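Laboratory data are not the source of any read-out in this text; all were calculated from the coordinates shown. None of these values were measured; they are calculated from a predicted model. Positions of Cβ are backbone-derived with ideal geometry, glycine not excepted, and every protein chain shown enters the neighbour counts.
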Amino acid sequence: MQTMPHTPETANCDFDNLNSRISFKTSDCEYIWSSYTKNPDQKSLIPVKEFQITHLPLVCRDEAVVYCIRAMAELTVALRAKNVSVNRSEEDRLYHFRGKQFVRTGSGSVINVLFRTETSECVCGECRADNRRKNLPAVIVVQTARHVVFDEYESRDTTVDLCFDDENGENVRSLVGSKVLVSSQDCDECIFECPTHDSDLAKKLSKRLADFQKLYLAANRTLLARGSRLSVAISHFHGSRKHIAVGQWKTAAGNSADASRIGAISTRQGSSPNVHIVIGDNVIFSFCPSLQPVLSIGQGPSESEAAGIEVIVELPDGTQTERVIWPMDCLVDATKKSLLSDCGVTDPPGMYDLVMELPDGSMQIMKDEKEIDYYLDDICMSLRLFFQQKASQHQ
């Protein structure tokens, strides 16, 4: 097992591993990401630059949905909080680190851009350090989880990275937090300002926010018309580059605390936060990782669960590929069409049966007219799915 170096000066820890007290350098984040892909819950995390329409369930595939998700991703930021406030309570998981440096990583979202029309002094770290008094043209407002950024003491040493979309980070633009506008324990929510002298960046983000509102409404109308729901989570999982996960929302017979899972990413309090939204429902959620609804018109609480099952699929030509089976695609026939189309196979789906190879060596033909849910348990255990030419095609 490879041993990672411990460097207290740049210690970087995710809340999911806080109890292990293992520290990693920021440069090791991709190593951490690679190791966590072994967890089945994280298999459906898609690097943001690789995301495309075929990653969506068949019933949700529409350009409006793709544009909405990509716009949302552009507003998602990576966070690195360095200091721990002395104001954290004894129940807080970082209580024993109060007054010390302990780097946490997470995600947040740009939720507003404030342009200063009047002359105002800049309070950013650079201007304070150089004792300069430059005018402040704009402030970027960021929302994240309170367990990552607790108060203003912590926000002033929090780095906010935009465009951390690939390993080399060549397009990353970094801001530093300042004033805290909201810090809510009940919602596990923190909203804080990031001053910037880059007017072009502020204008670009302001336009992207306006674009996102329109794109979300268009995507929402599309999925509502189809009777479909989709949850989307975007995160820098364990401090890595930006990833996307998609999942299915279902009505839950509990209270709002049941809404603790989106796609394949845990959003329980104390875990690494992510940015999320629901498309195709009469529930509008904030960007806050705590899953608190801003406006609810729906029929009760909802919860999100991982909707995709990753399996090995053998194509008619014998090549194998990893694919995701979506229960929301309903019939086996629809799943066959989706798998063949995604892999560029032009043969008519009616030529083939979809067959499961089970751990005991037996083969089970999946009937076209059956719902995928009927075979769900067997699919989860199967070694592979493969296409077999129908008996009628041999005659």
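Place a point 7 Å from the Cα of Lys214 along the Cα-to-Cβ direction; which residues of segment 139-161 have their backbone N under 11 Å from it?
Counting backbone N atoms under 11 Å from the label point, the list is empty.
If each of Glu170 and Asn87 carries a label point 7 Å out from its Cα toward its Cβ, how far apart are those two points in nm?
4.2
Restricting to Cα pairs below 8 Å that are 6+ residues apart, what does the relative contact order work out to for segment 309-394? Please round to a whole percent.
Worked out over segment 309-394, it gives 36 percent.
Can you give the FRET efficiency to the nearest 0.05 for Arg221 and Gln101, using r as the Cβ-Cβ distance and R₀ = 51 Å?
0.60
Determine, from the Cβ-Cβ distance of Leu376 and Arg70 and an R0 of 30 Å, the FRET efficiency 1/(1 + (r/R0)^6), rounded to the nearest 0.05.
Details: r = 30 Å, r/R0 = 1.01.
Using R0 = 30 Å, I get an efficiency of 0.50.
At 7 Å along Cα-to-Cβ for each site, give me the label-to-label distance between Ser341 and Thr321 in nm.
1.4
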